[in-house]
Amino acid sequence: MKTVSSLLDKEWYKRYRAISRLNIRSSIYDVTNRCNLRCRGCFFFSSSEDRVAKEEMDLQKWEAFIDREKERGVNLAILIGGEPTLCLDRVEAFYRRLPTFCATNGLIRLPRDRFPDLMVGISLWGDEEDERLLRGRDTFSISSRNYEGDPHAYYLYTITPRQIGKTERIVRRIRDAGLKLHMQLLSNDEGVDQFFWTDEELVGIRAEMDHMLDSYPETVVSSRYYHQIITTGKMFGRRFGWDECPSVTEPLDRRDPRPRRLTGFIRWASDLRTMHRCCTSETRDCSTCKDGAAHMSWVMVNKRAHIRTEQDLKNWVEVYEMFAKLYRFIPW
Amino acid sequence: MTETTADITIRIAEIMINELKLEDVTPENFDPDMDLVDEVGIDSMDLATVALVVQDEYGIRIDEDDYPKLTTIRLIAQYVQERM
Ligand code: SF4
Ligand code: SF4
């Protein structure tokens, strides 16, 4: 039987052991149905998820709900929306009770006296031109001022085919603002300029992502294997999609056979009762889904499949470390 | 006939090999003290799969909060024996 220590040298084995017992159990929460932007291609609004559930306004109900989530075993609350910073009391209710990550468009600065080490992921959809086109304004000029040099914030840089060949300038701007970034790909079913990732473009963007990681290792939080998985949608000959996706809300998961999946994962709507199908919108086509967290989780839940060769296991360790860094389970 | 810890250890190893489809190992040569997380690479989902079968077979309940303690086959066998 292949064992972990027979495949890894001392240093890599130490890295493996630093993450092997983290047992991350995440769930996702729509903190609000409102947003101060209306981005073209936002999965939340384009699939009308903002109208699926009536937002719970009573803070005490949020607090009781979060306590129940904690009892359920959740140890990572991922806050999305709408725009969570429009409801700081709710964000605080999570932050006081659970390890919490907050996604934001960065237009409102989270007061750091109230949230000293809350991990913040700021969305960015490309350069000024793309941002104006897709989001109606250049958010970077505001968000980079709000979070400049913040050690607990990073950019979630969503790449579209329009940005092939243009990513380096963005990476440098983020570096110059004293921040880090994580790259993800826009899925192609969100009605943005009807774009479609061609196989050629995916090969091109993978090489560009690798190049950014190699050239800016202090700024880019990523791994080559993650680039491979997200651009090819394949792992050991298996294809990512509905049959394999680990990020399906557990109580709604009727798949048979059930694939390896995130234990206890639920994406909750803001009424605190409604559950969404998965970590992104129900209208998305699983066969072309490029959700970054779902792809990372796909690797993470398939650990034993990677205990094959030294390189396979190192790939797994790097993806898990990347996730653990992005959600503050281990330091940068 | 009462089962000894050694019998239970072998049976747990067998369940683990079958349920997790472990290769190149037999119940007899599976080191009962090998760390399941740090060496075999099992995770909580694997342990839950094994626990389901063990619970059914021995008519006991394995509390999920106890998973972190069940780090070797020998420790699982002892846990089972204490509850039989
Ligand atoms: S900022 Fe986020 S939630 Fe708001 S519209 Fe844009 S993508 Fe959607
Ligand atoms: S849309 Fe993506 S994240 Fe959602 S179930 Fe399908 S593959 Fe998974």
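The values are calculated or read from the model by the stated rules, or taken from the named source; none is laboratory data. These figures come from a predicted structure and were not determined experimentally. When we count neighbours, we look across all protein chains shown, and the Cβ atoms used for this are built from the backbone with ideal geometry, even at glycine. All accessible areas refer to the heavy atoms of the entire protein, side chains included, with ligands and DNA or RNA removed. Shrake-Rupley method; radii C 1.70, N 1.55, O 1.52, S 1.80 Å.
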- Message: Checking the cross-link filter: which aspartates and glutamates have an alpha carbon closer than 15 Å to that of A:Lys2, excluding same-chain neighbours under 8 positions apart?
- Response: A:Glu310, A:Asp312, B:Glu23, B:Asp24, B:Asp31, B:Asp35, B:Asp38, B:Glu39
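Using the reciprocal of the averaged 1/r over all distinct C-alpha pairs, how large is the Kirkwood radius of chain A in Å?
Numbers: mean 1/r = 0.0492 Å⁻¹.
When all Cα pairs of chain A are included, the Kirkwood radius is 20.3 Å.
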- Gain in length, A:Lys234 to A:Arg34, computed as 0.36 nm per residue apart minus the alpha-carbon separation, to one decimal in nm? 68.4 nm
- Message: Before I look further, what does the range B:5-83 give for accessible area per residue, probe 1.4 Å, in whole square angstrom?
- Response: 49
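Rg to Rh for the range A:21-88: what is it, with Cα atoms only and Rh by Kirkwood? The partial results should precede the final answer.
Values: Rg = 13.6 Å, Rh = 13.3 Å.
My calculation of the ratio gives 1.02.
Give the calculated FRET efficiency between A:Ile108 and A:Trp242 to the nearest 0.05, with a Förster radius of 41 Å applied to their Cβ-Cβ distance.
About 0.70, to the nearest 0.05.
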- Task: Report, to the nearest whole %, how much of the accessible area of the protein assembly as shown belongs to carbon and sulfur atoms, 1.4 Å probe, protein only.
- Result: 48
- Message: Let me test this: with uniform point scatterers at the alpha carbons of the range A:1-42, what is the Debye-based log₁₀ I(q)/I(0) at q = 0.16, 0.20, 0.34 1/Å?
- Response: -0.62, -0.74, -1.13
- Could you list log10 I(q)/I(0) for chain B at q = 0.14 Å⁻¹, which the Debye formula gives when each Cα is one point scatterer? -0.40
- Task: Subtract the Cα-Cα distance of A:Glu168 and A:Arg17 from 0.36 nm times their separation in residues, and report this length gain in nm to one decimal.
- Result: 51.0 nm
- Item | Estimated distance in nm for a label pair at B:Arg83 and A:Gln60, the labels positioned 7 Å out from Cα along Cα-to-Cβ | 3.9
- Interface B-A: total buried accessible area (1.4 Å probe, Å², nearest 100) of 1600
- Proximal lysines relative to A:Lys70, as straight alpha-carbon distance under 24 Å, when same-chain residues fewer than 8 apart are discounted: A:Lys54, A:Lys61, A:Lys325, B:Lys69
- Query: Under unit Cβ charges (Lys, Arg +1; Asp, Glu -1), what dipole magnitude, rounded to 20 debye, does the protein assembly as shown have relative to its Cα centre?
  - Reply: 980
- Query: Where the centroid of each part is defined by its Cα atoms, how far is the range A:19-76 from the range A:108-150 in Å?
  - Reply: 20
- Note on the structure: Over all viewing directions the Cα convex hull of the range A:211-332 casts an average projected area in nm² of 8.9
- Taking alpha-carbon centroids only, the range B:13-38 lies from the range A:253-303 a number of Å equal to 30
- Message: If you take every DSSP beta bridge fully contained in the protein assembly as shown, what fraction is antiparallel? Give it as a percent rounded to 5.
- Response: 15
- Task: Return a whole-number percent for the relative contact order of chain A, with Cα pairs under 8 Å and 6 or more residues apart as the contact set.
- Result: 20
- Per-residue mean of other chain beta-carbon atoms within 10 angstrom of the beta-carbon, peptide A:1-10? 4
- Solvent-accessible surface ranking, highest first, for A:Trp298, A:Trp12 at 1.4 angstrom: A:Trp12, A:Trp298
- Under the 7 Å Cα-to-Cβ spin-label approximation, A:Arg328 and A:Thr3 lie apart by a distance in nanometres of 3.7
- Heavy-atom accessible area per residue, chain A, 1.4 Å probe: how many Å²? 42
